[in-house]
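Engineer: Pasting a structure below so you can have a look.
The values are calculated or read from the model by the stated rules, or taken from the named source; none is laboratory data. For clarity, every value in this text was computed on a predicted model and none was experimentally measured. Here Cβ is always computed from backbone atoms with ideal geometry, including for glycine, and neighbour counts include all displayed protein chains. Accessible surface is based on the protein model in full, side chains and every heavy atom, while ligands, DNA and RNA are left aside. Shrake-Rupley method; radii C 1.70, N 1.55, O 1.52, S 1.80 Å.
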Amino acid sequence: MGVVRVLSTDTIKAPKSSDRKIDLTPWDLQFLSILTNKKGLLYHHPPVANQIQQLKHSLSSVLEFFQPLAGRLKITEHKDNIISCSVICNNTGVLFIHAVVENTCVADILEPIYVPSIVNSFFPFIGVSNYEGTSQPLLGVQVTELVDGIFIGCTFNHVVVDGNSLWHFINSWAEISRNSCHHHISKLPILERWFPNDIQHPIQFPFTMDPSDDGSSSSPSEDERLNISERIFHFKKEKIFQLKSKINTHIDSTIKISSLQALLTHVWCSFVRSKQFDPQEEIHNRFAIGVGTRLLPPLPKGYFGNTVIGCMVTMKAGELLKENGLRNGAWEMNKLIASYSNEKIRNHYESWLKNPNIVRFNGILNNNFLVISSSPHFDVYGNDFGWGKPVAVRSSIKVNGLVTVFAGVEEGSIDLQLCLPYNILEAMGNDLQLMDLVSN
């Protein structure tokens, strides 16, 4: 494949400036230390006149509604490593990169089961942590022209948005781009953050900005030794339904395992088989759940910010490999998710204020961890900027053990992008129980 060559770099601003200040919640602040969030869309189409100009113009227009993304973080240092953090909507701007890669076609990205390394070069802000949003843009866009299409790579600061808000923004940008005469969007963002019980804000908490803790799972040399790779597994709707039905027929009728819970547990079991763990070793499956709709009253649909909290299921390897291991693993996941009531979520929020927990991947993720990210419920394939729908979505967060979940291109299908050592991904690719469900 070719080498990515940058043609131009611009700063895109909203049409109007604002001096708005948005204080951040524990759900936002927990992500200060990890790397920025990268999601990209692949399009297959012939060259389009004024394509880059159209994207710049529509990006400026949509920023009028999503002004936090054109701002910067403000970290105020108090005594004894105590800080507070807010978003200043000062319209400093969004980074926009126009690039080209020669001798690389859409098929070169779409068809391999392993994500080509060049995809990492389709995103801005490689190696940038979220707390660096004080000086770095909170959103960077790179549009890379391929021989027969384009890749739109977006890098978001995770302190400002979660997956739901991220795709809300991209959906709105695409809506304005394809309807260039109408500068309005279907769903307005709600920018105010949620602070229960008259909690004073901005929240003050201890935090050390350690440049060596960049949010990755290991050093570059360690990544090279482990040969960390990314592989795509595609699951069709029919296969997922069969798996879910199989689990639910052997479980209490009052409990309904979802398609996603069944699939993620199935992959978890395959991971354990492929790693050949000691039966007594504890294996962790960490995932985020959305809490906005679980609160009473629920947060508004357009809430623009983080509304996810992490939770974790832990089981011994031997338990997952038993005949009923798949069922029991899915049941444990289901019970944990169901336990997050309005009261538990509010207690979790207030507990964070007393004992702040900043997510750090360094030293946490190791050989016995999977971490689930993203969701198949986000509208990925509806993002038509004016030249058709995307043919694929890709992520670029190289963390050992990360499983990124996307909707598949066919309705009801799911794609998983697994980031693991190459030998483990190969073993999973030879795991007949897993591959019986995989369609690529």
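Engineer: At a threshold of 8 angstrom on Cα-Cα distance, excluding pairs fewer than six apart, so keeping six or more, what relative contact order does the chain reach in percent?
Structural biologist: Answer for the chain is 23 percent.
Engineer: Taking the alpha-carbon distance from K79 and a cut-off under 19 Å, which aspartates and glutamates remain once sequence neighbours fewer than 8 residues away in the same chain are dropped?
Structural biologist: Here the aspartates and glutamates satisfying the reach criterion relative to K79 are D210.
Engineer: Separate question: Note down the accessible area of C311, probe 1.4 Å, to the nearest 10 Å².
Structural biologist: Probe radius 1.4 Å; accessible area of C311 about 10 Å².
Engineer: OK, next. Need one value: the accessible area of M1 in square angstrom, 1.4 angstrom probe, rounded to the nearest 10.
Structural biologist: Accessible area of M1: about 120 Å².
Engineer: For K237, which lysines qualify as cross-link partners when the Cα separation must be under 29 Å and same-chain residues fewer than eight apart are set aside?
Structural biologist: Counting by Cα, and skipping residues close in sequence, K237 has these lysines nearby: K38, K39, K187, K246, K256, K275, K301, K322, K335, K389, K398.
Engineer: Any chance you could list P(r) for segment 340-440, counting all Cα-Cα pairs in 5 angstrom bins from zero, rounded to whole %?
Structural biologist: Taking all Cα pairs of segment 340-440, the binned fractions are 2, 9, 14, 15, 17, 14, 12, 9, 6, 1, 0 percent.
Engineer: Run the paramagnetic zone check for T293: 7 angstrom along Cα to Cβ, then residues of segment 159-176 with backbone nitrogen under 15 Å.
Structural biologist: Within reach of a label on T293: 163-165, 168.
Engineer: Report the FRET efficiency, 1/(1 + (r/R0)^6), for Q276 and E323, where r is their Cβ-Cβ distance and R0 is 22 Å, rounded to 0.05.
Structural biologist: Efficiency at R0 = 22 Å is approximately 0.75.
Engineer: Using a Cα-Cα cut-off of under 19 Å, which lysines could be cross-linked to K21, ignoring same-chain neighbours fewer than 8 residues away?
Structural biologist: K21 reaches K13, K74.
Engineer: What number do you get for segment 41-171 when its Cα radius of gyration is normalised by 2.2 N^0.38 Å, N = residues?
Structural biologist: In units of the 2.2 N^0.38 Å rule of thumb, it is 1.20.
Engineer: Now for a separate question. Please give the solvent-accessible surface of D278 in Å², to the nearest 10, using a probe radius of 1.4 Å with every protein chain present.
Structural biologist: It works out to around 90 Å².
Engineer: Also, I was wondering about something else. Over segment 291-354, one equal point on each Cα, no solvent: what is log10 I(q)/I(0) by the Debye formula at q = 0.27 Å⁻¹?
Structural biologist: Results for segment 291-354 at q = 0.27 Å⁻¹ read -1.16.
Engineer: If you don't mind, there's one more thing I want to ask. Which values of log₁₀ I(q)/I(0), to two decimal places, follow from the Debye formula for the chain at q = 0.06, 0.09, 0.11, 0.13 Å⁻¹ with a uniform point scatterer at every Cα?
Structural biologist: For the chain, the Cα-only Debye profile gives -0.25, -0.58, -0.89, -1.26.
Engineer: Still on this structure, I have one more. Return a whole-number percent for the relative contact order of segment 83-182, with Cα pairs under 8 Å and 6 or more residues apart as the contact set.
Structural biologist: 30
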